[in-house]
Amino acid sequence: MFVKGKSYIRRDLHDRYGGQEQTGISTPAEYPMIFLFTSKKGEKFGYRDGWTKEGVFLFFGEGRGGDMSFTRGNRAVRDHIQDGKDLFLFEYVDQGVVRFVDQMLYVGYELRAAQDINNNLRTAIVFELVSLEAFESDVHDYDAYEQDFAELSMPALRKKAVEESKHPKPPNESSHAANYRSAAVRSYILRRASGRCEACGSAAPFSTPAGLPYLELHYLRRPSDGGPDHPDWVAGLCPNCHRQAHYGAEHQQFNQELRNKILELEKQLGYIK
């Protein structure tokens, strides 16, 4: 949909998708998306967005005067997963011109003392965001995860995966790291896939150095009770299908069909009814 590193005229974005034109958080009513706009000029209003060394993007919530609260755009960012909305981060490169940074995922927030537009001290909401690709990026310790859980039976591994998915970094506290993904969930999905893409059914395109089939994890991100890391919301895909799930012309339909496949598979395995 948007190309990383490409510049866009902000007005054109709103002409095409709608949403508020003068705010840092824009929520188009007719599309399942939220635009986030960051600028170094925001510092004069008390906003100090930026990356941490752990790869987390700190994004100040909206509200120029007084304490920030979880209303309007701030609520939309916090609840974007539950609401089925995607976060798209843009940075200003010139007046009226923004560059697309990445699709982001909310992982937590902190409350921070900061000055408002009137130089009064107030409580600010600072969102912690990670790149969706970083969230889904396939493990540096890919083989080690399987080895860690090799002795667990499939039911025992799923139980551990479900338990771990219930306790990611708390969504109401600072995480200060992007490495919050569940190793047990990852191991369970790869074992459930049995070396085949859970979308197209093709065999994994190659093996890892330890001889394990290589598949990438795709988070469907429309959770009910379990959150984005719950096994019911994660699929093991070949790289081609993974790219299609994000960038294909029919990616929404693709993801819905994939979601149905995962649910059916979990039913066949006897884990859900």
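Scan region 61-83 for residues that are in contact with a strand residue (DSSP E or B) (Cβ under 7 Å, 6 or more places away or on another chain) and among the acidic types (Asp, Glu) and report the count.
2
Run down Arg181, Arg158 and say which single residue is at pLDDT 85 or above, buried (at least 19 other Cβ atoms within 10 Å of the Cβ) and either assigned to a strand (DSSP E or B) or not assigned by TED's automatic domain parsing to the domain that holds Arg112 (or both).
Only one candidate passes the filter, namely Arg158.
Just for region 104-123: of the residues that are in contact (Cβ under 8 Å) with a residue 12 or more places away in the chain and small (Gly, Ala, Ser), which one is surrounded by the fewest Cβ atoms within 10 Å (Cβ to Cβ)?
If we take residues in region 104-123 being in contact (Cβ under 8 Å) with a residue 12 or more places away in the chain and small (Gly, Ala, Ser), then Ala114 is surrounded by the fewest Cβ atoms within 10 Å (Cβ to Cβ).
Please verify whether Glu173 is modelled with pLDDT under 85, not aromatic (Phe, Trp, Tyr) and not in a helix (DSSP H, G or I), treating the condition exactly as stated.
Yes.
Suppose the filter is at pLDDT below 80, closer than 15 Å to Thr23 by Cβ and either touching a helix residue (DSSP H, G or I) at 6+ places or on another chain (Cβ under 6 Å) or not assigned by TED's automatic domain parsing to the domain that holds Arg259 (or both); does Gly42 pass it?
Here the answer is yes, as Gly42 does meet what is asked.
Among (1) in a loop (DSSP other than H, G, I, E, B); (2) farther than 26 Å from Asn119 by Cβ; (3) basic (Lys, Arg), where does Arg11 come up short?
Result: Arg11 passes all but (1).
Of everything in region 216-255 that's farther than 24 Å from Met1 by Cα and modelled with pLDDT of 80 or more, which residue is surrounded by the fewest Cβ atoms within 10 Å (Cβ to Cβ)?
Only one residue fits best here, namely Asp232.
Residue by residue through region 242-273, note down the ones that are in contact (Cβ under 8 Å) with a residue 60 or more places away in the chain and basic (Lys, Arg).
Lys261
Residues that are crowded, with 17+ Cβ neighbours inside 10 Å, among the aliphatic types (A, V, I, L, M) and either modelled with pLDDT under 85 or assigned to a strand (DSSP E or B) (or both): does region 135-152 have at least one?
Yes: one or more hits.
For region 70-103, enumerate the residues that are of a type in the set (Ser, Thr, Tyr) and either surrounded by 17 or more Cβ atoms within 10 Å (Cβ to Cβ) or in contact (Cβ under 8 Å) with a residue 12 or more places away in the chain (or both).
If the condition is that a residue be of a type in the set (Ser, Thr, Tyr) and either surrounded by 17 or more Cβ atoms within 10 Å (Cβ to Cβ) or in contact (Cβ under 8 Å) with a residue 12 or more places away in the chain (or both), then Tyr92 is the only one that fits.
The values are calculated or read from the model by the stated rules, or taken from the named source; none is laboratory data. Only a predicted model underlies this, so the values are computations on that prediction, with no experimental measurement involved. Positions of Cβ are backbone-derived with ideal geometry, glycine not excepted, and every protein chain shown enters the neighbour counts.
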